[in-house]
Amino acid sequence: QVQLVESGGGLVQPGGSLRLSCVASGRIFSINVMGWYRQAPGKQRELVASITSTGYTNYADSVKGRFTISRDNAKNTVYLQMNSLKPEDTAVYYCKVDLLTVNVWGKGTLVTVSA
């Protein structure tokens, strides 16, 4: 079984920064794509950013230039550096990993951007 644990969420003022981390543990042979999703109240879950095992990245238009995804394959960890945060970035952020045979989701970490 594989488990994901996210951390780094919290309350931040507009214009501030946060760094999210997600560590995968358990019976892991290979991780393909690692990604961050978010779900705001009353809205559907959406992709924020993803990164392949070779480092190819993909971002939602709303976060391009502000957020940066990275991963440490040796630590089975994915990060999301979030800068210039806006109130509309407020959401629960979920980590997802693609293990080729199954996708695994974390339980989420809350990010609140408010003055």
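The values are calculated or read from the model by the stated rules, or taken from the named source; none is laboratory data. Every value quoted in this text rests on a predicted model; they were computed, and no experiment measured them. As a convention, Cβ positions derive from the backbone with ideal geometry for all residues, glycine included, and neighbour counts pool all protein chains shown. The accessibility values were calculated without ligands, DNA or RNA, using every heavy atom of the protein model including side chains. Shrake-Rupley method; radii C 1.70, N 1.55, O 1.52, S 1.80 Å.
Points to keep in mind about this one:
- Residue check, residue 26 of a type outside the set (Val, Ile, Thr), open to solvent by less than 60 Å² (accessible area, probe 1.4 Å), over 17 Å from residue 70 (Cα atoms) and at pLDDT 95 or above: no
- Scanning segment 1-23 for residues that are of a type in the set (Val, Ile, Thr) and open to solvent by 70 Å² or more (accessible area, probe 1.4 Å) gives a single hit, 5.
- So residue 78, is it farther than 14 Å from residue 113 by Cα and in contact (Cβ under 8 Å) with a residue 40 or more places away in the chain: yes
- Only residues that are within 23 Å of residue 84 (Cα to Cα) and loosely packed, with under 13 Cβ neighbours inside 10 Å were counted in segment 29-43, giving 2.
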